[in-house]
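This report refers to the structure that appears directly beneath it.
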Amino acid sequence: MIIATYQAASGAGAAAMEELLDSTRASLEGRAFQPRVMPYPCGFNLFSHNTAIDPDTGYNAEETKVINETRKILEDDRIGVGVTCIRVPVLRAHCEAITFECENPITEDEVREMLSTAPGVRIVDDRAKNYFPMPVDASGQDDVLVGRIRRDLSDPSGHSISMFVAADQLLKGAALNAIQIAELLPERVTA
């Protein structure tokens, strides 16, 4: 699995949400802003998740947590997980770009069919309108929104699928989103 998370300010608490609003106002007004909660200004900015970086691996603590939780929930320490966690200027609802490789070939239609009956999952995948999961739609609801379901073109064998997920992490844990989707395909995910 390769995962990139785009984590909202709310993941760091109410003070971080307020700081996002304040830093956005300052940026719009052309004023300097000195962050107090986050390491860098949040407004109109992206930066590596604000947990400590392991000097040996280069992974931050949030990335290590996602790797460990994925393996624990799927009960398989052999699953390869690469992850990058980024803070984004969004008040609420985390997003994830996920690519997973399966043991057997799989189609996007098979994935859509599996996800369409999964409790707590709603497919938002309208290619014609370029409408896919967004934090604004996921905020305040329990469903995990899944879309951009497509074959991973970097894998000519047809074993890999890419997708995009948005969910309100105040209602559902950030790392759990990708894991719940992966749990639907346990016999297909390879180590």
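The values are calculated or read from the model by the stated rules, or taken from the named source; none is laboratory data. No experiment lies behind these values; they were computed from the predicted model shown. We place every Cβ from the backbone using ideal geometry, glycine too, and count neighbours over all the protein chains shown. Side chains are part of the model used for accessible areas, which takes the heavy atoms of the whole protein and leaves out ligands, DNA and RNA. Shrake-Rupley method; radii C 1.70, N 1.55, O 1.52, S 1.80 Å.
With each label point set 7 Å from Cα along the Cα-Cβ vector, what nm distance links Asn104 and Ala128?
The modelled label-to-label distance comes out at 3.2 nm.
Given the peptides 13-23, 101-111, 86-96, arrange them by the average over their residues of other C-beta atoms within 10 Å, most packed first.
86-96, 13-23, 101-111
Given only helices, namely DSSP H runs of n ≥ 4 each adding -39500 (n - 2.57), what is the per-residue ellipticity at 222 nm of the chain, to the nearest 500 deg cm²/dmol?
-8000 deg cm²/dmol
If you take every residue apart from Lys172 with its C-beta less than 9 Å away from the C-beta of Lys172, what net charge results, scoring Lys and Arg +1 and Asp and Glu -1?
-3
Place the peptides 3-11, 154-162, 73-81 in order of packing, highest mean first, counting for every residue the other Cβ atoms within 10 Å and averaging per peptide.
3-11, 154-162, 73-81
Just the number, please: percent antiparallel of the DSSP beta bridges in the chain, rounded to the nearest 5.
70 percent
Residue separation times 0.36 nm, minus the C-alpha to C-alpha distance between Glu18 and Phe44: what's the value?
7.9 nm
State whether region 69-130 is rounded, prolate or oblate according to the following rule on the C-alpha gyration tensor (a ≥ b ≥ c being the square roots of its eigenvalues): a/c under 1.5 gives rounded; otherwise a/b larger than b/c gives prolate, and the remaining case gives oblate.
Oblate is the answer for region 69-130, as a/c is 1.5 or above yet b/c matches or exceeds a/b.
Return the percentage of antiparallel bridges among DSSP beta bridges fully within region 1-98, rounded to the nearest 5 %.
Of all bridge pairs located within region 1-98, approximately 55 percent are antiparallel.
Across 5 Å bins from the origin, how do the percents of Cα pairs in region 1-80 run, short distances first?
3, 14, 20, 18, 15, 12, 9, 5, 2, 1, 0
For region 1-150, what class follows from the C-alpha gyration tensor (a ≥ b ≥ c being the square roots of its eigenvalues): rounded when a/c is under 1.5, otherwise prolate if a/b is larger than b/c, else oblate?
In terms of gyration-tensor shape, oblate.
Calculate the FRET efficiency for Glu113 and Leu170 from the Cβ-Cβ distance with a Förster distance of 35 Å, rounded to the nearest 0.05.
0.75
At 1.4 Å probe size, with the rest of the protein present, what percent of the exposed accessible area of the chain is carbon and sulfur atoms?
Carbon plus sulfur share of accessible area: 52 percent.
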